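Data block below; observations after.
Coordinate-derived values only; no laboratory data. Bear in mind the structure is a predicted one, so any value in this text is a computation, not a measurement. Note: ideal-geometry Cβ built from the backbone for every residue, glycine included; neighbour counts use all protein chains shown.
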Amino acid sequence: MAIDLKVNGVVQQVDPPVGRTLAESLREDLGLTGTKVACGEGHCGACTVQLDGLPVLSCITLVHTVGDREVTTIEGLRDHPLIDAFVRTDALQCGFCTPGQIVSAAALVAAEPEPSVERVRHAMAGNLCRCGAYPRIEEAVLTWRD
Amino acid sequence: MARLIRTEKEVEGRYTEQWVVVDEDEAIDQWPQGPGAVVGRSAPRLDGYERARGQAAYTADLALPGMLHAAVLRSPFARARVKKIDLAPARKAPGVLGAVGPGDVHVLTDEPGFHGAPVAAVAADSPAAARRALDLIDVEWEELEPLLDPEEAIRQGSLIEDERIYDRGDAGAGFAEADVIVEGEYRTQTVVHNAMETHQSVCRWEGDTLEVYISTQYIWGIRDAVAAKLGLPQDQVRVVCNFMGGGFGAKNGPGDYTYIAIALASQTGRPVRCALTRREENLAAGNRNSTIQRLRAGARADGTLTALEGDFVNAVGWDGWSGPTYGPMEMLYACDNVHTRSNGAKLNLPPNAAFRAPGFVEGTFGLECLLDELASRLELDPLELRTRNHADADLVDGRPYSSKNLLECYRRAEPHWARRDEVRARSHGTWRYGVGLASQIWYGGGGPPSYAWVRIGSDGRATVITAMQDIGTGTRTAMAQIAAEELGLPLERVRVTLGDSARGPYASISAGSSTTPSMGPAVRAAAADAARQIIEIAAQRHHLEERVLSLKDGRVVSADGGSWPIEEITGLLDDAQILGKGARGPNPTGMRVLTFGIQVADVAVDVETGEVRVERIAAIHDIGRVINPLGARSQVEGGIIQGIGHTLSEERLVDPRTGTVLTQTLDAYKLPTIADVPEMVVELLDIPDEHLTNLGSKGLGEPPIIPTAAAIVNAIRDATGAEVHTLPVTREEMLRALAEARERAKLEAAPA
C-alpha cells in the first residue's frame, strides 16, 4: 500500500509491503542509510529516529503505522550542533551506533537544552555503544552548545 | 639495496619467524619525546563527521545493483546429524534464486557440532524472502548427546590442541621454600563480542575477479584466505572495507558468511550479501571462551614469590584456539619457579575467537586476585607486593625488554591507591566501599611487513595510501598525524585512503594492538621519502644544499632564514606527483616488546543485596609514544567499559542439558550502558620505546581491558572481605562470597 512519508521535512511516497519496518523503508526504499540496524529487535537503539520529535526505535516500528507524523533521521540533523560536539569530544569510535546516539540526544536537548548528567544518562541508556564511547557521549551532550 | 633478514612477528601472543626485506637507506631517528607539531597532540577523528552524520558507508549499507540476500539455516542443536535435507522446496519459493547445502560449500555441514553451525543457505531478492525460504528447507535431524563439560572433555581427550606444559625452575622446590602458600580456583565466563555491525560480506564477481566487501579487521588476510580456498591468484580477490562497525578480535577471518556469499554469488551470477542477524552473532560469530584456573602461589615472608603454579582449562568450543590464559602467570612477575599446564577443551559449543587480549584478560583475573589473597596472608600492601616482584628482564626467555616503565606506572598509581582510607570511610548503611588494583602485561609491538605510500600533489597536499582498515580505533587519524608531522604539514592538508586491497599496498591486521606500531612506522618512512624528494627539488630550484633545508608549518625552510610554501615547490611539477614509499622495519633483535600498566578501582558493595557499583577507575599504561591523546583516551575508556561488562554483567548462558544458547539477544546479554560508567582517570606515560621502530609507539587496543576485572574484584575484597572467584560478579555470586566471608570471620573469631 503506497503511503506518504514525511521525512526530514520532505514528503515522499513509498510503497512498502505490509510488515515492513520504518528502518527498512528508510534504508531500502528511501536510501537513507544513516539510520543503522544493529539488532533488529528494539534492544540497542542504533536505529533511533524521531517521530514528531520523540525518539522511536525504527526497527520495531511498522512503516504503515507512522501516519502523518514527521520522521527525523540523522540525515535531517546533519547541521545540528551535536554533530560538532560528538566529533570534538571524540564521542564515537566505530561510529555504527553514533547516528542513533545523536538522534536520541537531539530529542533530549530539544526538550531540555541544559540536561543534568542524570538526565543524559537516563535518556541515553537505551543507546548501546560496544566501543564504550559513553563518557565522551555524555560530555558531548552536556556541552552540545559549546 | 634491499636486504633480506629474518625477524620475529607476534599477533595476539602467537610468535612466528618470518623473512622481511629491509631497506638499506639510513634509519630514521625517532622524534624527541613529547608533543611535536601534530603527533602527540589531540586531533578529532578525520572521519568523525562522516561517521557522525551517517554518511560513512559500512558493509551493512552497501546495496549493489541486483544484489541478493542470503539467509543461513543453522543447527538448532548443539550436536546433531542431518539424516536428510531437501533444498528443493526452498529453491521454488518466491524470490529465491539460489540455495546451497552440505557438500556445496566447505563451511556447511551435515554433522553440526554446535548450536548455530551452518547447514544450508539460500539467496533471495529480499532478506525477508530468504528467511521465509529457510523454513521450507526439509531437514530430518538426528539429535545427539552433546559434550558440554570442559573437564569431562579433557578426561575424554577431546582437545582442540595438545596439552601445553611449561616449566621454569622447579615449582616444587619453590613451594618448599615458601613461608606462605595460597591457592584458589577461579572461573571466568563466556562473553560475546557483539560489535554493533554484525559479521557480514557482500560478494560479487567482476569478470575473473571476486570482490569481497566485508566488515573485517584484516583486509589482506581475507584476500589470502579466500584466494587459497578458491584456488585463485591473490590479486583476483579484491577486498574492501572502508568503514567497519567494530570487531574486537572476532573479525580477523572470512567466516562462514563470506564463503556462503561467494558460493551463492557463483551459483546465481548476482552479488550476494550474507549478513548475520544479532541472534546469529550471539551464536556463531565467536566468543571469549570460559576458563577454569586452579592457581597456587608461594612466597617468602618478605613477599618474594618462590613459586607459581597454574592449571588452566579453556572451554574453547567446537573450533578455535586455546588462548594463553597462562600468559600473565609466566610473564608478569620475577618468579624463578613456574609450572603451568593448559588444555583447550573441544566441546559442542560455539567456537571461540580472539577477543581483546585473549587469555590475558582471563588469566590476569585469576593471578591478580590470587596475588591480593597472598598480600592479605602476608599482611603486605598489595602494591608493595607487586613492586617487590617486579621483573627487570623477561623470565620466559631471558631477553631484555625493549622498554618497560611499569615501576613508573606503579609510582603514578600511588596517589590513587593512597585514597583508600578516604574511600573506605564512605561506607554507610549497607554499603561498603573499597579500593583494589591489578597489574597488566601484554604484547602490542606489531611487526613487519606493512607498507604505505604518500602522494603529494602540486597543491602541496598529501594523501597517505595504504590498504589497512580503521576498525574504529582512530588509526586513520593517527596515520594522518604521523605523515603531517614528518612532512611539516598542518593535519588538514593530509588525507588517508585505506580500505581496499586494489588501491594500496599490504597492511597489517588490526588485532593484537598492532595497527599503530605496525603501520605508523611505514607511514612515517613513506612521508620521509616524500619529504626528501621535496627537499631535493627545493635545493635544486633555489641552489641550496639539501642539508640546510627542512619542512615546517607547510613551508620548505632554509637554515639561512629563507622559506617557501611547499606548494610553491611542488607547484613546479604541474600534474607530476611526488610518491614516497615506506615499509615497516623489523622489531629489535633479541628483545621482548611488551606493554605494561596498572589500574586502581574504587567500588561500593551493598552487602544486603549484593549490588556492586564501580565508582572510579584510574588507568595508567605504558604503551610507548602516544600519537593522538584524544583517541588514546577513548581507547582506554572503551577497554575499561568492556572490562566492567566482563566483570559485572555479561555472560553467554547455555542450557546445561542441551547446549543451546539462551542469550541470543541484547536484552538477555547484558552489555554496559552509559548509566554503568564510572569516573575514569586515564594516564598514559607517553615515553617512546627507544628500540622500537622510527616511532617508539606500541599498541593500545588491548592493554586497558586486561586488569579491570581483577582491580574491581580486589576492591570488592577490600570493601567487604569477600573473596569472589567467579565472573561475572552477579548478585548471586556476590551474596555467596559475602556469606562465605562471614562464616570465615566467625570461625576466626571463635576461641580455639
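In table form, for the structure just shown:
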item	result
Rg/Rh for the stretch B:448-502, where both radii come from Cα atoms and Rh is the Kirkwood radius	0.96
B:T466, B:T304 arranged by Cβ crowding within 10 Å, fewest neighbours leading	B:T304, B:T466
Net charge, B:T658 excluded, C-beta distance under 14 Å - Lys, Arg +1, Asp, Glu -1	-2
Surface/4 estimate of mean projected area, convex hull on alpha-carbon atoms of the stretch B:176-289, nm²	11.0
Within straight-line cross-link reach of B:K92, aspartates and glutamates at Cα separation under 16 Å, skipping those fewer than 8 residues along the same chain	B:D125, B:D135, B:D138
Sequence-distant residues sharing a close amide H with B:S290 (under 5 Å, placed H)	B:T190, B:A315
Burial ordering of B:F77, B:F248, B:F175, fewest other beta-carbon atoms within 10 Å first	B:F175, B:F77, B:F248
Residue-wise HN-Hα coupling along the stretch B:457-462, computed from phi with Karplus coefficients 6.51, -1.76, 1.60 (Hz; x: Gly, Pro)	x, 5, 7, x, 9, 10
Beta bridges by DSSP in chain B, antiparallel share as percent, to the nearest 5	80
In the stretch B:468-562, GluC sites (Glu not before Pro) in a DSSP loop with at most 16 other beta-carbon atoms within 10 Å	B:E545
3J(HN,Hα) from dihedral phi, the stretch B:201-212, Karplus parametrisation 6.51/-1.76/1.60, rounded to Hz, x for glycine, proline	9, 10, 10, 8, 8, 10, x, 8, 10, 8, 9, 10
Distant-in-sequence amide H partners of B:V556 (H built 1.01 Å from N, under 5 Å)	B:W564, B:I566
√(5λ) per eigenvalue of the Cα gyration tensor, chain A, largest first, Å	26, 15, 13
Trypsin sites (Lys or Arg not before Pro) restricted to DSSP loop in the stretch B:441-516 with at most 10 other C-beta within 10 Å	none
Equivalent ellipsoid dimensions for the protein assembly as shown as semi-axes, Å, which come from the Cα gyration tensor, largest first	40, 38, 29
Cut-off 11 Å between beta-carbons: net charge of the residues surrounding A:D29, Lys and Arg +1, Asp and Glu -1	-1
Interchain or long-range residues, amide H under 5 Å from B:A99's placed H	B:A123
Within the protein assembly as shown, percent of DSSP bridges classed antiparallel, to nearest 5	80
10 Å-binned pair-distance histogram of the stretch A:77-142 (Cα, whole percent)	24, 64, 13
Cα gyration tensor category, rounded, prolate or oblate, for chain B with a/c compared to 1.5	oblate
Cα-Cα separations in the stretch B:232-391 greater than 22 Å, expressed as whole percent	56
Neighbour cut-off at most 15 other Cβ (10 Å), DSSP loop, trypsin sites (Lys or Arg not before Pro), the stretch B:37-111	B:K92
Using θ = phi - 60° and Karplus 6.51 cos²θ - 1.76 cosθ + 1.60, couplings along the stretch B:611-622 (whole Hz; Gly, Pro as x)	5, 10, 10, 8, 9, 7, 9, 9, 10, 10, 10, 10
Cut-off 14 Å between beta-carbons: net charge of the residues surrounding B:E145, Lys and Arg +1, Asp and Glu -1	-3
